[in-house]
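Structure, as structure tokens:
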Amino acid sequence: MKQEQFDPFSLVAEELSLVANRLRAMVVAEVPKLASAAEYFFKVGVEGKRFRPTVLLLMATALNVHLPEPAAASVGDTLTTDLRTRLQSIAEITEMIHVASLLHDDVLDDADKRRGIGSLNAVMGNKLAVLAGDFLLSRACVSLAALKNTEVVSLLATVVEHLVTGETMQMTTSSEQRCSMEYYMQKTYYKTASLISNSCKAIALLAGQTAEVAMLAFEYGKNLGLAFQLIDDVLDFTGTSASLGKGSLSDIRHGIVTAPILFAMEEFPQLHSVVYQGFDNPENIDIVLEYLGKSHGIQMTRELAMKHANLAAAAIDSLPESNDENVIKSRRALVDLTQRVITRNK
Ligand code: GRG
């Protein structure tokens, strides 16, 4: 089989655009200002990488819930259609929670750019950006309730708690915590990996899979999410503003210490006191960057990301065997994604 058959994005391209259209319909609001704020990042061309819905739709097929033929007529096909629609709904809910968290994050960080355009707070002000985030979250809740599955509601409610916890951990970091890899990884799970891991688990549960399969889906999402964030933290040092659609070096400029610096600190213990002091004095940023350049911090972070990417791939390989061609293709695409996450440059 040719390599492009496993291209994760082209495998789900059509369904992704269906999800995107449904998202645009779901974020329509009664009040014009709220409507334009809520739809801002769902407009064609500014939808971001759509990494989460891609993973979730692939996971649906990987767990044997097929995309029905367009002309599906029989009762069996109606059931498949219904289930697939419910799983698409998880992809939509996940994307709405994600965008809501981006809107609130940009307010907290006073960001001026996102996805290559002005951030919503910069364009419409903090107040509308916060309200638009709340609105997206409430629309996500309505969709979630419509699924009538309390375990899935509980998973995604926990995700929102994790997002808030992770953000607060980042905002209130003490000097000791700033120097701790354990604290950084915990925060990373809450801020980035919890959403994709719990949504993957929700897909497995709605698909009627066993607790063991649901756990493998969760493990895939968790490790993929951790690898994704570790690379995000590398790109913050190595990427250009143009490729990232936002400022580079933005973490350290906000006083946020990530894995590359924490690894550099292990190699150069004299960095510890600088990181411990924090970055109120901008000279400390220069010192840290100089040491980072001399260290293997970036490489060690990439290696840690690779470790998590491999764990994610191993979770897919542990799923119960299947001979179904579409299931196999989607599983290969999920494994392919683990490699793309670590080689990406945006
Ligand atoms: C309103 C749910 C809610 C939460 C409030 C602000 C906050 C608490 C949490 C912040 C969570 C956050 C922004 C985490 C960062 C996650 C992350 C890696 C974002 C970037 O994701 P990409 O690169 O973005 O997939 P695109 O633009 O491609 O969708």
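The values are calculated or read from the model by the stated rules, or taken from the named source; none is laboratory data. Only a predicted model underlies this, so the values are computations on that prediction, with no experimental measurement involved. Ideal geometry is used to build each Cβ from the backbone, glycine not excepted, and the neighbour counts take in all protein chains shown. These accessible areas exclude ligands, DNA and RNA; they are computed on the full protein's heavy atoms, side chains included. Shrake-Rupley method; radii C 1.70, N 1.55, O 1.52, S 1.80 Å.
Just for region 174-189: of the residues that are in a loop (DSSP other than H, G, I, E, B) and open to solvent by less than 40 Å² (accessible area, probe 1.4 Å), which one is nearest to residue 269 (Cα to Cα)?
Looking only at region 174-189, we keep the residues that are in a loop (DSSP other than H, G, I, E, B), and these are 174, 179-180.
With the extra rule that they be open to solvent by less than 40 Å² (accessible area, probe 1.4 Å), the set shrinks to 179-180.
Working: 179: 11, 180: 13 Å.
Filtering first and then ranking leaves 179.
Out of region 151-173, which residues are aliphatic (A, V, I, L, M) and either loosely packed, with under 15 Cβ neighbours inside 10 Å or not in a helix (DSSP H, G or I) (or both)?
157, 164, 171
Report, by residue number, each residue of region 27-45 that is open to solvent by 20 Å² or more (accessible area, probe 1.4 Å) and within 16 Å of the ligand (Cβ to nearest atom).
Within region 27-45, 34, 39, 40, 43, 44, 45 qualify.
Counting only residues that are free of Cβ contacts under 8 Å to residues at least 24 places away in the same chain, surrounded by fewer than 15 Cβ atoms within 10 Å (Cβ to Cβ) and not small (Gly, Ala, Ser), how many does region 46-72 have?
2
Kindly check whether there is at least one residue in region 184-207 that is β-branched (Val, Ile, Thr) and more than 15 Å from the ligand (Cβ to nearest atom). Write out each step before concluding.
Pass one, region 184-207, residues β-branched (Val, Ile, Thr): 188, 192, 196, 203.
Right, trim to more than 15 Å from the ligand (Cβ to nearest atom) and you get 203.
Yes, region 184-207 contains at least one residue that is β-branched (Val, Ile, Thr) and more than 15 Å from the ligand (Cβ to nearest atom).
So how many residues does region 117-131 have that are open to solvent by less than 60 Å² (accessible area, probe 1.4 Å), assigned to a helix (DSSP H, G or I) and not hydrophobic (A, V, I, L, M, F, W, C)?
Total meeting the criteria: 1.
Considering region 70-119 alone, what residues qualify as being at pLDDT below 95 and of a type in the set (Gly, Ala, Ser)?
Scanning region 70-119 gives 71, 72, 73, 74, 76, 111, 116.
Answer with yes or no whether residue 111 is more than 23 Å from residue 17 (Cβ to Cβ), open to solvent by less than 50 Å² (accessible area, probe 1.4 Å), within 15 Å of the ligand (Cβ to nearest atom) and in a loop (DSSP other than H, G, I, E, B).
yes
Exactly one condition in (1) loosely packed, with under 14 Cβ neighbours inside 10 Å; (2) over 16 Å from residue 195 (Cα atoms); (3) among the acidic types (Asp, Glu) is not met by residue 134; state its number.
Every listed condition holds for residue 134 apart from (1).
Give the residues of region 300-335 that are within 30 Å of residue 268 (Cα to Cα) and among the small types (Gly, Ala, Ser), sorted by residue number. Lay out the reasoning, then the answer.
Going residue by residue through region 300-335, those that are within 30 Å of residue 268 (Cα to Cα) are 300-311.
Residues satisfying the conditions are 305, 309.
Determine which single condition residue 248 fails, assuming it passes every other condition in (1) in contact with a helix residue (DSSP H, G or I) (Cβ under 6 Å, 6 or more places away or on another chain); (2) assigned to a helix (DSSP H, G or I).
(2)
Quick one: would you say residue 253 is closer than 28 Å to residue 114 by Cα and either β-branched (Val, Ile, Thr) or surrounded by fewer than 18 Cβ atoms within 10 Å (Cβ to Cβ) (or both)?
The answer is yes for residue 253.
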